[in-house]
Every structure is written in C-alpha cells, then in structure tokens.
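Every number here is computed from the coordinates shown, using simple stated rules; none is lab data. Not measured: the values here are computed from a predicted model. With ideal geometry, Cβ positions are generated from the backbone for all residues, glycine too; neighbour counts draw on all protein chains shown.
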Amino acid sequence: MSQHLNTADLYDERGEELESLAVQFQNLGRHTHFSGPARTIRCFEDNALVKSVLATEGDGAVLVVDGQGSLRTALMGDMIAESAVENGWAGVIIYGAIRDREAIAKLPLGVKALGSNPRKSAKTGSGEADVELVIDDVRIRPGVMIYSDPDGILLER
C-alpha cells in the first residue's frame, strides 16, 4: 500500500467496511503512514514474544501488540525495532509503551504506542501470538488489513 495512504480519504471511500480504533496512540516511528495485514500478540509487561515475532519475516505486515495499556514497562526498544526493519515489517502498534524513542524515530518503520518508559519488561515469553485481540471494543483478527497515519488507525471489519 502507498506510503501516503490517507485514512480520512479511505474512510470516506469505504465507510462502514472499516472500523476505527479511537485510542489516541502517539506516532513514534519515522514512517507516519503504514499499512499491511495484521499479526497479533497479547502480552503483559513481557516482550519476549514481541522480540521473537519481529525477528521473523514480516512480509509487510503490521504487528499489533495488546500490552493491556500498561505504561510500566517498555514492550519494544531500538534493537527490536531495528530487527523489525531488517525483517520487512511495515509497522508495529503497541497498546502499551516503548523505549528508545529518539532512535526509533529515525528508523524506516511505522510505530505507534501509548507512550514510553525506559524500564525493561520481563523476558519470560508469557503471552499469545496470532490470536484475536479486542482493544477499545474493536476486534483485531490476524490477517485483517490495517491502515495507519497521523489521523488514526483503521481496520477492515
């Protein structure tokens, strides 16, 4: 999908075929416009799964991480984000925190998160990958197309 995708125009075009995620994420990566099929992770203050999934071939996908809104620990830092770039991921959306904001802002990757915290997360591997998520009453299924720009995030229903 085009780097200059405009979610407002897309919504005007497709309307109710799309679901809008109302959570006010911050744009933290260099790419402010990104899209791709969703991959998903549910975890809580533990980023081992995030690290392992982003170390695999991304094929232009967008990883959506339900960190349950916790800002107590970061679920992604610059090294994991660099791995995502190297493996061809289009973007990462984290319902939680990241760290290394300045370094991540320079990477050619779409990154949205609630905020940042320098504190590392646990590394036990707890959590689930490729599961249906519900964030802000919006269902996010693996494989559904997701579109993101500074206006917000849209998903196909």
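Among M79, M145, which comes first, second and so on when ranked by fewest other beta-carbon atoms within 10 Å?
Ordered by Cβ neighbours within 10 Å, fewest first: M79, M145.
On average, how much area does the Cα convex hull of the range 69-153 cover when viewed from any direction, in nm²?
Answer in nm², one decimal: 6.0.
Which GluC sites (Glu not before Pro) in the range 69-157 sit in a loop by DSSP (not H, G, I, E or B) and have at most 15 other Cβ atoms within 10 Å of their own Cβ?
Those satisfying the criteria are E132.
Which whole-number percentage describes the relative contact order of the range 1-133, with Cα contacts under 8 Å and a sequence gap of 6 or more?
Relative contact order of the range 1-133: 32 percent.
Using a 10 Å cut-off around each Cβ, can you sort K123, K112, K51 from fewest to most neighbouring Cβ atoms?
Result, fewest neighbours first: K123, K51, K112.
Tell me which residues come under 5 Å, amide H to amide H, from T40 once H is placed; ignore anything under 5 positions away on its chain.
Close amide H contacts, sequence-distant or interchain: V64, D130, V131.
Once every Cα of the range 86-126 carries one equal point scatterer and solvent is ignored, give the base-10 log of I(q)/I(0) from the Debye formula at q = 0.16, 0.17 Å⁻¹, two decimals.
-0.47, -0.53
If you take every residue apart from R39 with its C-beta less than 13 Å away from the C-beta of R39, what net charge results, scoring Lys and Arg +1 and Asp and Glu -1?
Within the 13 Å Cβ shell, the charges total -4.
What do you get for GluC sites (Glu not before Pro) in the range 4-75 restricted to DSSP loop and a cutoff of at most 16 other Cβ within 10 Å of the site's Cβ?
Filter output for the range 4-75: E57.
At 7 Å along the Cα-to-beta-carbon direction for both D9 and S126, put a label point, then send me their distance in nm to one decimal.
4.5 nm
Within a 10 angstrom radius of the beta carbon, how do V53, V92, V62 rank from fewest other beta carbons to most?
Least to most surrounded, the residues fall as V53, V62, V92.
With 10 Å bins from zero, work out the P(r) of the range 7-156 over every alpha carbon pair and list the percent per bin.
13, 48, 34, 5, 0
Given only helices, namely DSSP H runs of n ≥ 4 each adding -39500 (n - 2.57), what is the per-residue ellipticity at 222 nm of the chain, to the nearest 500 deg cm²/dmol?
-4500 deg cm²/dmol
Using alpha-carbon positions, what is the distance between the centroids of the range 100-151 and the range 52-73, in Å?
That distance is 5 Å.
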